[in-house]
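Data block below; observations after.
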2 protein chains.
Amino acid sequence: MSEVVRKAQAAQSAAAVLGQLSTETKNDALRKMAKALLAHTGSILAANEEDLERGRAQGTSSSLLDRLKLTEERIAAIAEGVTQIVDLTDPVGDVLERIDRPNGLRIEKLRVPLGVIGIIYEARPNVTVDAAALCLKTGNAVVLRGGSSALSSNRRIVEVLREALAGSEIPADALQLIEDPGRGSVDEMLKLNGLLDVIIPRGGASLIQNVVQNATVPVIETGAGICHTYLDESADPDMAQAIALNAKVQRPSVCNAMETLLVHEAFALRHLRSLTGVFQSAGVELRGDERTRELAEGVMPAAEQDFATEYNDYILNVKVVKDLDEALAHIRRFGTKHSECIVTESQTHADRFLREVDAAAVYHNASTRFTDGFEFGFGAEIGISTQKLHARGPMGLPALTSTKYRIFGTGQIRT
Amino acid sequence: MSEVVRKAQAAQSAAAVLGQLSTETKNDALRKMAKALLAHTGSILAANEEDLERGRAQGTSSSLLDRLKLTEERIAAIAEGVTQIVDLTDPVGDVLERIDRPNGLRIEKLRVPLGVIGIIYEARPNVTVDAAALCLKTGNAVVLRGGSSALSSNRRIVEVLREALAGSEIPADALQLIEDPGRGSVDEMLKLNGLLDVIIPRGGASLIQNVVQNATVPVIETGAGICHTYLDESADPDMAQAIALNAKVQRPSVCNAMETLLVHEAFALRHLRSLTGVFQSAGVELRGDERTRELAEGVMPAAEQDFATEYNDYILNVKVVKDLDEALAHIRRFGTKHSECIVTESQTHADRFLREVDAAAVYHNASTRFTDGFEFGFGAEIGISTQKLHARGPMGLPALTSTKYRIFGTGQIRT
């Protein structure tokens, strides 16, 4: 039996026990996990150093090494994250609907754990802890498959966490790490219907597309974001500049950052030159359509393909549009249904934009950077769903649950 | 461009219009659809006769021909079904959550249509109308791919419905029928990410498994049901017999019918002989474990594989178990997480069964045959989900919707 099947089976057995535990029992285990991370900081850092050394030897980029790197402070922050999950409301057991039928049947729709969740992710070892804590809090077993570059760190972290679970009521087998670094172990997880109830990919576009294209297990697609900000004719110029700049440069590497700025022609005639200057001063490379390049300086020509690219970098497409309709059409064509924003003083235009744009989050006069579980007040986030089934947008704890119907009868039969 | 891509693109364009329509506008179109079906009964029956003739020439079984066959009465009932959908509450536009953030952002979580729904199904032409009406009511465009044996009927029905839509505000392109009878058109639909938002398969196990195994578009798995009824030691004998018999014979061909009866040994000692006699009188072939065959007569031996088989027929497995634990273990092993029932007078045992059994619907003292959108009071049903993502159990109109977040700002940026 392969490592993947063996560990998924162990996780499934553990899930049957874990799914029945009370919130307090699960919280107790989470507290033990947080403590154990702090107590074993030294050995986790030593394991992390192995990953970093291997990375440096392989010529890994410094930005990737930085994502991989743990420090005492980072481990403390990760442990603090687990403690915060303790404080969140447990959705499991909530009764979402009660139905009383004329024949006397009483029906309750109840929140239950999903079962076993597979998480496939890249270098960051903090995801290991974070995903584990969120899944266990909601009564789910979890099978983690992190990137091979973080294998030593992940292995040590999971050892520490499983030791902590061994002293709690949650079976240690509810937390599994796939250690096989080959592509084959991912491929195997993707086809594990009957053992995995869902797979959540977290990482770059190619990782996510591999999962979406090859999984037969249900998937929650996350991440890809080609987000637009549209500055309407009546936009307040200061607000427009603040929102657009924030959407691009506050953290360009994330999915809710803006990739394309759409500007109404009348607004562009008045403000585009100063606006592009502000972006350029902030170190943003601009690529524009013809009209943008007529109105502003230092803008490279944007190719068709640029509008379909998620840069996650200090690069921005700019396009002048003649009206709201053209902005909507552009978003329909190039948007990835993640986060879209209109800046306008026109209530009519705002209403129309919020109604017609098909995306997980649509904004009037606020930065797309707010599409985030913490910013929405969920207290946690397992990812941002860009699909329409099950969960859409930032996913808090309820996204990690399913439902079941309990039916109370007194001998009813169907006629 | 292939038929599938062309029609899916047309559906997607139509969905953008349809998704914005008011409930009254959609209901008006549904009423026109119902009227048109009645007005064109003659030509629909003529087309249906073509399918029946082709079927008879190909030696199709009489039960399949019966499922394919339309009559004036059946068409009237199908049209009446559309009228009933008019009366259902439209979930689109419902605000499910409102969040006020400390920074002044107002967030609303709103129900929206899924977009374009693909339905892949078998012979019954009533599904064509039913699925079309449910999808359109919830603001979704729909791409139908019915079985080739019903192609003439489906083609005429969709023609009639699209003519009706042409006289309404719903674009006729919101309703598409794939006419290519080859497997290739199904395969193409399964990979149509970006054009189809979800695929719902309706039909037998092999159709559903083909969709689950090959789709890259998100799927809502429906249907397969190996359902159990467990008669506990303290079960009321009359109630136990009534529920078990109903679960098996009221309609054996459907997914919520019972396939295996589990009987506590103490109950079996007192009642198994008379109980098996009742099933046999009802024409049910019994297959039992060793203990069952010791206690009752005329029971064939059940092979391991029998317990893993969805008969959908007048065949029943019977197994004597020594306690609730053994019943739970059997269900864990062979159940398909559809519908499971315990008959008991013990509240403790009932509570445990309802808590521990992992299935879409768990019953205490009522027949599993109630797992059905109409019986749950939803007024309609697009299918019964046996997966845990998005929707589980009978799916009413809300299962055909997604959500979107609308965020109202006053210039907020993230710091």
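The values are calculated or read from the model by the stated rules, or taken from the named source; none is laboratory data. Note that the structure is predicted; figures quoted are calculated from it, not measured. Glycine gets a Cβ as well: all are built from the backbone with ideal geometry, and neighbour counts include every protein chain shown. Side chains included, ligands, DNA and RNA excluded: accessible areas come from the protein's heavy atoms. Shrake-Rupley method; radii C 1.70, N 1.55, O 1.52, S 1.80 Å.
Got at least one residue in the range B:348-362 being outside any helix (DSSP H, G or I), open to solvent by 20 Å² or more (accessible area, probe 1.4 Å), modelled with pLDDT of 95 or more and in contact with a strand residue (DSSP E or B) (Cβ under 6 Å, 6 or more places away or on another chain)? No, the range B:348-362 contains no residue that is outside any helix (DSSP H, G or I), open to solvent by 20 Å² or more (accessible area, probe 1.4 Å), modelled with pLDDT of 95 or more and in contact with a strand residue (DSSP E or B) (Cβ under 6 Å, 6 or more places away or on another chain). For A:Val198, are the conditions met, namely being closer than 15 Å to A:Gly115 by Cβ and facing chain B (nearest Cβ under 10 Å)? Spelling it out, A:Val198 is indeed closer than 15 Å to A:Gly115 by Cβ and facing chain B (nearest Cβ under 10 Å).
Listed by first and then second residue, the pairs with beta-carbon distance under 7 Å, at least 6 apart or on different chains, first residue in the range A:377-390 and over 19 Å from A:Cys227 (Cα atoms), second among the β-branched types (Val, Ile, Thr) and surrounded by fewer than 21 Cβ atoms within 10 Å (Cβ to Cβ), are A:Gly377/B:Ile99. Considering the conditions (1) at pLDDT below 95; (2) more than 21 Å from A:Ile220 (Cα to Cα), B:Ile413 is excluded by exactly one of them, (1).
Does A:Thr415 fit the bill of being without any contact (Cβ under 8 Å) to a residue 40 or more places away in the chain, open to solvent by 10 Å² or more (accessible area, probe 1.4 Å) and either more than 22 Å from A:Gln241 (Cα to Cα) or facing chain B (nearest Cβ under 7 Å) (or both)? Yes; evaluated as a whole, the condition is true for this residue. On inspection, B:Ala327 passes the criterion of being touching a residue at least 60 places away in the same chain (Cβ under 8 Å) and either among the hydrophobic types (A, V, I, L, M, F, W, C) or under 27 Å from A:Ala16 (Cβ atoms) (or both). Is it the case that the range A:205-224 has a residue that's without any contact (Cβ under 8 Å) to a residue 12 or more places away in the chain and either open to solvent by less than 30 Å² (accessible area, probe 1.4 Å) or among the small types (Gly, Ala, Ser) (or both)? Scanning the range A:205-224, I find at least one residue that is without any contact (Cβ under 8 Å) to a residue 12 or more places away in the chain and either open to solvent by less than 30 Å² (accessible area, probe 1.4 Å) or among the small types (Gly, Ala, Ser) (or both), so the answer is yes. Residues that are out of contact with any helix residue (DSSP H, G or I) (no Cβ under 7 Å at 6 or more places or on another chain) and basic (Lys, Arg) do occur in the range B:259-272. Of the residues examined, B:Ser153 is one that is closer than 18 Å to B:Leu37 by Cα, in contact with a Ser or Thr (Cβ under 9 Å, 6 or more places away or on another chain), open to solvent by less than 10 Å² (accessible area, probe 1.4 Å) and among the polar types (S, T, N, Q). Looking at the range A:210-224, can you tell me whether even one residue there is within 22 Å of the chain's Cα centre (by Cα), within 14 Å of chain B (Cβ to nearest Cβ), part of a loop (DSSP other than H, G, I, E, B) and within 30 Å of B:Thr410 (Cβ to Cβ)? Yes.
Of the listed requirements (1) in a strand (DSSP E or B); (2) within 17 Å of the chain's Cα centre (by Cα); (3) surrounded by fewer than 22 Cβ atoms within 10 Å (Cβ to Cβ), B:Ile199 misses just one: (3).
The residue that is nearest to B:Lys337 (Cα to Cα), counting only those in the range A:395-412 that are more than 7 Å from every other protein chain (Cβ to nearest Cβ) and among the aliphatic types (A, V, I, L, M), is A:Leu400. Test B:Lys319 against the criterion of being crowded, with 22+ Cβ neighbours inside 10 Å, of a type in the set (D, E, K, R) and facing chain A (nearest Cβ under 7 Å), and give yes or no. Judged against the criteria, B:Lys319 is not a match. Scanning the range A:25-40 for residues that are over 14 Å from A:Ile170 (Cα atoms) and crowded, with 19+ Cβ neighbours inside 10 Å turns up A:Ala34, A:Ala36, A:Leu37, A:His40.
For (1) over 33 Å from the mean Cα position of the chain (by Cα); (2) closer than 18 Å to B:Asp313 by Cα; (3) open to solvent by 30 Å² or more (accessible area, probe 1.4 Å), each residue gets a yes or a no:
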residue: B:Ala257; (1), (2), (3): no, yes, no
residue: B:Leu261; (1), (2), (3): no, yes, no
residue: B:Glu265; (1), (2), (3): yes, no, yes
residue: B:Leu269; (1), (2), (3): yes, no, yes
residue: B:Ser274; (1), (2), (3): yes, no, yes
residue: B:Gln280; (1), (2), (3): no, yes, yes
residue: B:Gly283; (1), (2), (3): no, yes, yes
residue: B:Glu297; (1), (2), (3): yes, no, yes
residue: B:Met300; (1), (2), (3): no, yes, yes
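Against the list (1) of a type in the set (S, T, N, Q); (2) closer than 26 Å to B:Val116 by Cβ; (3) touching a residue at least 12 places away in the same chain (Cβ under 8 Å); (4) surrounded by fewer than 16 Cβ atoms within 10 Å (Cβ to Cβ), the condition B:Ser22 fails is (3). Of the numbered criteria (1) among the hydrophobic types (A, V, I, L, M, F, W, C); (2) open to solvent by 10 Å² or more (accessible area, probe 1.4 Å); (3) part of a strand (DSSP E or B), the one B:Ala399 fails is (3).
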